[in-house]
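One structure below.
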Amino acid sequence: MTFLKSICLFALFTLGLANVQAQENLAEFADLPLVVTDYAGLEPLFQQRNDTTYVVNFWATWCGPCIKELPYFERLNREWKDKKVKVVLVSLDFKSQIRTRLMKFLEKKQLESEVVVLHQSNANDWIDKVDPSWSGSIPATLVYNRQKRAFYEQEFYNYEELVSIVKSFIKM
Amino acid sequence: MKKLFGLIALFAVSAAFVLNTSAPGEGLDIGDKAPDFKLKHIDGKYYSLSQLQPQVKGFIIAFTCNTCPYAVKYEERLKSLHAKYADKGFPVVAINPNDPEVKPGDSFNAMKETYSNKEMNFLYLFDEGQKVFPQYGATKTPHMFILDKSMTVQYIGAIDDNVENAKAVKNTYVEDAIEAIMAGNKPTVTKTKAVGCSIKVKPVNRHLLKKKASVSN
């Protein structure tokens, strides 16, 4: 757990994420080994300007197709690390299920990709800020780097579908 | 003569439905005429908006399902909406858009069970063959469309602003839209967004979902 926590703190540092609680009181999750934040705290994740390509997947443990495609994101994170691809899994789990259902799931699955939790009750306040084309359904994935940005409100049915998109972001 | 007028009115209404429907796949926007449909309720009978239209002042169309946790959390609030507004001319018409081959929990039989277990009070229709949701441009459950008497779309989006806690709701988007229409006004807020479950389609039918990647360089 300490190891996990140090990874998360490192990620927190590199992405500039902070437990900002302007909108929501999320102090009760301060002891968890992952970032639980409202949109303001997560915003830096969508505005990194470096040589990394970010693949930000919105998911939840209650979302069947999300769970199905998680292995593709894990594999992408593993196999494309050296090409500077970073996967971040943004959980939209219910606040009441973060400590129970989500943490249990993460403990069981031991995901290698970074996981952060976004909780802000009124999604109408932040969905458009992630991408105006997003209606709010999940799974949904944002891929971006300094040159290009794309949003996919869809599920990926296999690894190749996901890779072909990431390839288009990277000069091979 | 009265009969003739009735017939003409019926034709006019039918014509309005035919002429003003949007092309499938594009979905509806505020101000568009909503397309009519004829779908099966859990009692096995078919219902259409045009058949109900003479008795109503509008519709609260809810794309929803049995299985999505977001939809489940809104079940009671949908019942309350129907209880509050059906008598005032705005019935809830719920439509399950999911393909039961992808999501067995959203089969027609499962709908019947949910309906009786949850003691639902509104029409719960099955979008058999997934013909209706693409015309509306629904992408998720729950996804609300509020229509006025002329079948014009006045509001698209969320029921309210807090899925997890009905008591902590600050903005009752759907109620506000209906109250505005009843008062003869346009809703102040016409579009909102909320998280929801994607509508379940087979991979070969993914074109039914209005999902083009938005790319910018």
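The values are calculated or read from the model by the stated rules, or taken from the named source; none is laboratory data. What you are looking at is a predicted structure, and each value in this text was computed from that prediction instead of being measured. Here the Cβ positions follow ideal geometry from the backbone for every residue, glycine too, while neighbour counts run over all protein chains shown.
Among the residues of the range A:106-129 satisfying the criterion of being among the aliphatic types (A, V, I, L, M) and over 17 Å from B:Lys191 (Cα atoms), which is farthest from the other protein chains (Cβ to nearest Cβ)?
Step by step, filter the range A:106-129, then rank; the result is A:Leu111.
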**OP:** Could you identify the single residue in B:Lys170, B:Lys186, B:Lys131, B:Lys140 that is of a type in the set (D, E, K, R) and under 13 Å from the mean Cα position of the chain (by Cα)?
**Re:** B:Lys140
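If you take the residues in the range A:88-102 that are of a type in the set (S, T, N, Q) and touching a residue at least 12 places away in the same chain (Cβ under 8 Å), which one is farthest from B:Val163 (Cα to Cα)?
Narrowing the range A:88-102 to residues of a type in the set (S, T, N, Q): A:91, A:96-97, A:100.
Next, only the ones that are touching a residue at least 12 places away in the same chain (Cβ under 8 Å) stay: A:91, A:97.
On the way: A:Ser91: 16, A:Gln97: 13 Å.
Filtering first and then ranking leaves A:Ser91.
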**OP:** Just give me the residues in the range B:103-138 being within 14 Å of chain A (Cβ to nearest Cβ), crowded, with 19+ Cβ neighbours inside 10 Å and on the phi < 0 side of the Ramachandran plot, in sequence order.
**Re:** B:Lys103, B:Asp106, B:Phe133, B:Pro134, B:Tyr136, B:Ala138
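Condition check ((1) buried (at least 21 other Cβ atoms within 10 Å of the Cβ); (2) of a type in the set (Phe, Trp, Tyr); (3) not in a loop (DSSP other than H, G, I, E, B)) across all residues:
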residue: A:Arg75; (1), (2), (3): no, no, yes
residue: A:Glu112; (1), (2), (3): no, no, no
residue: A:Asp128; (1), (2), (3): no, no, yes
residue: A:Pro132; (1), (2), (3): no, no, no
residue: A:Glu155; (1), (2), (3): yes, no, no
**OP:** Would you mind finding the one in B:Lys40, B:Lys79, B:Lys45, B:Lys88 that is under 18 Å from B:His143 (Cβ atoms) and basic (Lys, Arg)?
**Re:** B:Lys79
Subject >> Subset of the range B:144-168 [more than 14 Å from chain A (Cβ to nearest Cβ) and surrounded by fewer than 19 Cβ atoms within 10 Å (Cβ to Cβ)] >> reply: B:Lys149, B:Ser150, B:Thr152
Subject >> Matching residues, the range B:86-110, being touching a Leu at 6+ places or on another chain (Cβ under 8 Å) and outside any loop (DSSP other than H, G, I, E, B) >> reply: B:Val92, B:Val93, B:Ala94, B:Ile95, B:Asn96
Original post:
Is at least one residue of the range A:86-98 within 14 Å of chain B (Cβ to nearest Cβ) and modelled with pLDDT under 95?
Top reply: no
**OP:** Kindly establish whether B:Ala62 is more than 14 Å from chain A (Cβ to nearest Cβ) and not in a helix (DSSP H, G or I).
**Re:** yes
Subject >> Test: B:His82 is farther than 25 Å from B:Asp160 by Cα and in contact (Cβ under 8 Å) with a residue 12 or more places away in the chain >> reply: no
**OP:** Output yes when any residue across the range B:15-34 is modelled with pLDDT of 95 or more, under 30 Å from B:Thr172 (Cβ atoms) and part of a helix (DSSP H, G or I), and no when none is.
**Re:** no
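Is it the case, given these coordinates, that A:Leu102 is farther than 17 Å from A:Gly41 by Cα, in contact with an Asp or Glu (Cβ under 8 Å, 6 or more places away or on another chain) and in a helix (DSSP H, G or I)? Explain how you work it out, then say what you get.
Working: farther than 17 Å from A:Gly41 by Cα: yes; in contact with an Asp or Glu (Cβ under 8 Å, 6 or more places away or on another chain): yes; in a helix (DSSP H, G or I): yes.
It is true that A:Leu102 is farther than 17 Å from A:Gly41 by Cα, in contact with an Asp or Glu (Cβ under 8 Å, 6 or more places away or on another chain) and in a helix (DSSP H, G or I).
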Original post:
Can you tell me which of A:Val163, A:Val117 is at pLDDT 95 or above and either crowded, with 18+ Cβ neighbours inside 10 Å or not in a helix (DSSP H, G or I) (or both)?
Top reply: A:Val117
Original post:
Consider A:Lys171 against the criteria (1) in a loop (DSSP other than H, G, I, E, B); (2) of a type outside the set (A, V, I, L, M, F, W, C); (3) more than 17 Å from the chain's Cα centre (by Cα); (4) within 12 Å of another protein chain (Cβ to nearest Cβ): it satisfies all of them except one. Which criterion is unmet?
Top reply: (4)
Subject >> Subset of the range A:98-126 (residues that are within 14 Å of the chain's Cα centre (by Cα) and under 27 Å from B:Met144 (Cβ atoms)) >> reply: A:Val117, A:Leu118, A:His119
**OP:** May I ask you to list the residues in the range B:169-205 that are part of a helix (DSSP H, G or I) and either among the polar types (S, T, N, Q) or at the interface with chain A (Cβ under 7 Å from one of its Cβ atoms) (or both)?
**Re:** B:Pro203, B:Asn205
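For (1) within 23 Å of B:Lys45 (Cα to Cα); (2) among the hydrophobic types (A, V, I, L, M, F, W, C); (3) assigned to a strand (DSSP E or B), each residue gets a yes or a no:
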| position | (1), (2), (3) |
| --- | --- |
| B:Tyr70 | no, no, no |
| B:Glu76 | no, no, no |
| B:Ser80 | no, no, no |
| B:Lys84 | no, no, no |
| B:Lys112 | yes, no, no |
| B:Glu119 | yes, no, no |
| B:Glu128 | yes, no, no |
| B:Ile146 | no, yes, yes |
| B:Ile159 | no, yes, no |
